[in-house]
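Only one structure is covered here, and it is reproduced in the block below.
The values are calculated or read from the model by the stated rules, or taken from the named source; none is laboratory data. The shown structure was predicted, so the numbers you read here are calculated from the model rather than taken from an experiment. Here the Cβ positions follow ideal geometry from the backbone for every residue, glycine too, while neighbour counts run over all protein chains shown. Quick note on the areas: whole protein, heavy atoms, side chains included, nothing else; ligands and nucleic acids left out. Shrake-Rupley method; radii C 1.70, N 1.55, O 1.52, S 1.80 Å.
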Amino acid sequence: MTEKIFDYMSHYGYEKVLLFQNEDVGLRAVLAIHSTVLGPAAGGCRFWTYDSDLDAMEDAMRLARGMTYKYAAAGVNLGGGKVVVIGDPKRQDREMLFRALGRFINNLRGEYLTGEDVGTTLQDMDYMRMETPYVITLSKASGGAGPIGGATAFGVLQAMKACAQETWGSANLQGRKIVVQGLGAVGYPMVEYLVQENATVTIADIDAHKVEQVKQAFGVNVLDVREIFSADADIYCPCALGGVVNDETLPQFRVKIICGSANNQLRAERHGDELTRRGILYAPDYIANAGGTVFDTDRLWGGVNAERGMSKVSKIFERMLQVIEISKTQNIPTYLAADHLAEERIARARAIKRIGGYNQGAPLTI
Ligand code: NAD
């Protein structure tokens, strides 16, 4: 992004960017609202150190736009927004910081709904909840859906099965050799699901303790992290960091499918084009990893109901098949097909808004 902020906003269709500051508690935050076409803008709150205020603004904007696409493609009636708090995420005195942010968010009267993200915790959400009802991600004790890593993993499993069906004519993962990178909140339940599917699972994590724990729990194979990309496997399931598909890793891949939870798996879009050229089916990250947020936001339409939430997550199977279909019929890579799916839904929702009135999909309960 350059200093031409309005040009950038208009190019990508942003609605608004707000700056919040309160020097009494050391709050400096940027809220970007990309779109409210499908519903209130929703997206987590990131707490991070930035080199400049402009960097923080750019991050909030990029992430907000990503949320618009994630919800739209997942068929959830929410728009995209994101707030970033500038500062040290390890900061100890957090209560008044997050309560101050909660008050700013409350003033928007539901235009933006917040949640957990990198650098923030469920405790921070509880602090914000003291000042505003517009907090989605909450512990079960506070009326929310609780941890969402399992739902994210279940969604990745659905996308993976759809990719398997396309690649081998069957969604059955039995005997498929699958490498899971990262054994955290998503990776751990991911391994569990894949073991239940009777897949041949291999794990890798930079944290030796986690590797040992998962190996003991599920009796899976272990791989050195340096060998992840060149592993002799059918499917690579990245559940750690982003940027894993890049100039260095691309020539190493021997898998037929890449499907995992990590955000921003393609270092650049051209790497998605290259995957297509090499015949590797890529499950676009925001299609595959939407399960957690689908599950988390489901309570807005009738309170917490785990069964209904997981049933919505299971629809990721059909979404992924739809993405593959668009990719084939339009002869475009899957990452672009996912964008088309999202943009088409937003365009259709924008069209019906000409009818006027208040309702945005369904009444929300906060
Ligand atoms: P986490 O922090 O709980 O776990 C990440 C794991 O990856 C850790 O065990 C870490 O040691 C490991 N790791 C880090 N670098 C590694 C490397 N180079 N090689 C191997 N392992 C490495 O994170 P998480 O919540 O499980 O999320 C994983 C990814 O999925 C992230 O990219 C996250 O943004 C994305 N995601 C998570 C959710 C969710 O519900 N938690 C939802 C959507 C997307």
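If I ask for residues that are crowded, with 22+ Cβ neighbours inside 10 Å and either touching a residue at least 60 places away in the same chain (Cβ under 8 Å) or not hydrophobic (A, V, I, L, M, F, W, C) (or both), which ones from segment 155-165 would you list? Those that are crowded, with 22+ Cβ neighbours inside 10 Å and either touching a residue at least 60 places away in the same chain (Cβ under 8 Å) or not hydrophobic (A, V, I, L, M, F, W, C) (or both): 155, 156, 158, 159, 160, 162, 163, 164.
Name the helices (runs of 4 or more DSSP H) wholly within segment 38-156 that hold at least 1 residues that are at pLDDT 95 or above and under 24 Å from residue 340 (Cα atoms)?
On the way: elements: 53-74, 95-107, 122-129.
Ranges flagged: 53-74.
All conditions but one from (1) more than 8 Å from the ligand (Cβ to nearest atom); (2) farther than 23 Å from residue 168 by Cα; (3) not in a loop (DSSP other than H, G, I, E, B) apply to residue 237; the one that does not is (2).
Suppose the filter is open to solvent by less than 30 Å² (accessible area, probe 1.4 Å), within 16 Å of the ligand (Cβ to nearest atom) and either closer than 27 Å to residue 138 by Cα or touching a residue at least 24 places away in the same chain (Cβ under 8 Å) (or both); does residue 303 pass it? Don't jump to the end; show me each part of the working.
Working: open to solvent by less than 30 Å² (accessible area, probe 1.4 Å): yes; within 16 Å of the ligand (Cβ to nearest atom): no; either closer than 27 Å to residue 138 by Cα or touching a residue at least 24 places away in the same chain (Cβ under 8 Å) (or both): yes.
Considered against the rule, which asks whether it is open to solvent by less than 30 Å² (accessible area, probe 1.4 Å), within 16 Å of the ligand (Cβ to nearest atom) and either closer than 27 Å to residue 138 by Cα or touching a residue at least 24 places away in the same chain (Cβ under 8 Å) (or both), residue 303 comes out as no.
Only residues that are away from the ligand (no atom under 16 Å from the Cβ), surrounded by 16 or more Cβ atoms within 10 Å (Cβ to Cβ), assigned to a helix (DSSP H, G or I) and not β-branched (Val, Ile, Thr) were counted across segment 166-209, and they come to 1. Among the residues of segment 145-159, the one identified as of a type in the set (S, T, N, Q) and near the ligand (Cβ under 10 Å from one of its atoms) is 152. Tell me, yes or no, whether segment 25-37 has at least one residue that is open to solvent by 60 Å² or more (accessible area, probe 1.4 Å) and not small (Gly, Ala, Ser). So far as segment 25-37 goes, yes, one or more of its residues are open to solvent by 60 Å² or more (accessible area, probe 1.4 Å) and not small (Gly, Ala, Ser).
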